[in-house]
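Notes follow once the structure below has been shown.
Please treat every number below as a calculation from the coordinates, not as lab data. Remember, predicted model here, so these are calculated numbers, not experimental data. Heads up, the Cβs are rebuilt from the backbone with ideal geometry, glycines too, and the neighbour counts pull from every protein chain shown.
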Amino acid sequence: MVEYELLKKIVEAPGVSGYEFLGVRDVVVEAFKPYVDEVTVDVLGNVIAHKKGSGPKVMLAAHMDQIGLMVNNIDKKGFLHVVPVGGVDPRTLIAQRFKVWIGPNEFIYGVGGSVPPHIQKPEDRKKAPTWEQIFIDIGAESEEEARDMGVKEGTVITWDGRLERLGKHRLLSIAHDDRIAVYTLVKAAQKINTDADVYFVATVQEEVGRRGATTSAFKINPDYGFALDVTIAADVPGTPEHKQISQLGKGIAIKIMDRSVICHPTIVRWMEEVAKKHGIPYQWDILTGGGTDAGSIHLTHEGVPTGGISIPSRYIHSNTEVVDERDVDAGVELTAKVLEEIGDLRL
Ligand SMILES: [Zn+2]
C-alpha cells in the first residue's frame, strides 16, 4: 500500500520544468530530510539527498519537474497565449481546467478555451487543435486585468489535477511522471540498511532534455547510476499485446533500453536476479520513444554503468496518468534491495 498522504503532497505540488521552486522542491527536501545525512539544492535546483556510506557510490535519479505551459503573450482581451514546456499534446488541453502559477504555491484558475462544436466547420471538428488555436481563459476582460491578477510573460501553467484512487489498486494523478518515482526514492530512503554511499537526486528539467541529471551526475560522479521513471503501459483497447511495452499490475519494469540509453547488460541481469531472489514481481521495459535521466547519467565523465527502474503508467503526459500501487510497492522494494546488495554487483 502506498503512503497516500505523502504521495499526494509530492504529486500535487507544482513544478513545471525550470520552475520546480514554485512548490515541489521544498516538498521533496522535507520528505528526504529525516532519512538521509544531508540534503542540498544545487545551482540548477536539483535536490540531492545524501545517505553517507563506505561502499560503492550510487546515484539514483527521479525527475521532479512536470510538463506544462508557459505564457508567451497576453492579448488585449485578457486571454493567455502559451507555448509548451516539454512534450505536451495540444489535444489534451481543450476544455480542461488549469492552475496558473502566479507565485510559490499560489495560483489562479484558468480554462483551456475552445470553440463550441455548433459553430465549427465540419472539417475542423476532425482535426487536432494547433498551438496557435490554444489559449487559456482566466476570466480577465483585458490585458491590464490579467496583469493585475499576477500573470506575466513566463508565468507557468499546469493542469488542475489531484491524486485519486481508481478502482482497487490504481492511482490517478496529474504528474505520476515522474513524482511517483520521486515518492519511490523517498520510500526506499526510509527503509534501506546499506553500506553504499547513496545519492538520491530529485532532478530538474528532465522533460526538456535531462538537464538536471546532466549536471548532478557530473558533480556526484557515481560508480553506478539508476534512473527511476515511468514507462508506457499501453495495455488498453486497440493496442496489441506485443506493442503494450508494459502492463499495469504486472510488477516493476526493469529497463533494458529507451531512446536515451542502453542499460548496462550486466546490471540488467543482476537486477533480474535481485528481483527473483526476493520474490519481487517484475517485467521488462524496452521503450522506443522517449528517454530518461539514465541517458545523461551513463554519459557522465568517462561513463557510468547505469540501470533503470520503470513504473508502468497509462496515459503518460496527460492530466489522467494511472499507475498501479502494487507496481509502485514492487518498485520501492526493488530499489531498496538494489541499494542493499549493490556491493555484490560485479561488472
Ligand atoms: Zn518522466
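So how far, in whole Å, is the C-alpha centre of segment 330-347 from the one of segment 212-284? Distance between centres, Cα-based: 13 Å. For V85, enumerate residues with amide H under 5 Å from its amide H, sequence gap 5+ or separate chain, H modeled in the peptide plane. Those qualifying (amide H under 5 Å, at least 5 residues apart or on another chain) are G68, L69, M70.
Among V115, V338, V204, V2, the ranking by other beta carbons within 10 Å of each residue's beta carbon, starting with the fewest, stands as V115, V2, V338, V204. As a proxy for reagent exposure, ranking L163, L339 by other Cβ atoms within 10 Å from fewest up yields L163, L339. Near F135, the amide H atoms lying under 5 Å from its own belong to G113; only residues 5 or more places off or on other chains count, and H is placed 1.01 Å from N.
Helix 265-277 and the longest principal axis of the Cα set of the chain meet at an angle near 80°. Here's the picture: charge each Lys and Arg Cβ at +1 and each Asp and Glu Cβ at -1 in the chain, and of L80, Y4, L166 the one pushed furthest to the positive end of that dipole is L166. When you filter the trypsin sites (Lys or Arg not before Pro) in segment 109-199 for DSSP loop state and at most 12 other Cβ atoms inside 10 Å of their Cβ, you are left with K126, K127, K152, R162, K168. Its Cα centre serving as origin, the chain has a Cβ charge dipole (Lys and Arg +1, Asp and Glu -1) of approximately 660 debye. List the pairs from K255/K337; K187/K277; K57/K250; K33/K219 whose alpha-carbon separation is above 28 Å, in the order I gave them. Exceeds cut-off: K57/K250. In straight-distance terms, cross-link reach from K152 covers every one of the aspartates and glutamates whose alpha-carbon lies under 17 Å from its own, apart from those fewer than eight places away in the same chain; here that gives D75, E106, D137, E141, E143, E144. Which of these, E272, E333, E106, has the largest mean-square fluctuation under a Gaussian network model of the chain (Cα springs below 10 Å)? Result for the chain, Cα springs under 10 Å: E106 fluctuates most. Footprinting exposure proxy ranking of K33, K57, fewest other C-beta atoms within 10 angstrom first, gives K33, K57.
Any idea what the alpha-carbon Rg over 2.2 N^0.38 Å comes to for segment 68-159? Working shown, then result.
Values: Rg = 13.2 Å, N = 92, 2.2 N^0.38 = 12.3 Å.
My calculation over the Cα atoms of segment 68-159 gives 1.07.
For the Cα trace of the chain, dividing Rg by the Kirkwood Rh returns an Rg/Rh value of 0.99.
Compute the acute angle (0 to 90°) between the alpha-carbon long axis of helix 176-191 and the principal axis of greatest extent of the alpha-carbon atoms of the chain; round to the nearest 10°. Helix 176-191 sits at roughly 30 degrees to that axis.
Here's how it looks for F98: its modeled amide H is under 5 Å from those of G110, V111, G112, D160, which are all 5 or more places away or on a different chain. Rounded to the nearest 10 degrees, the inclination of helix 325-341 to the longest alpha-carbon principal axis of the chain is 40 degrees.
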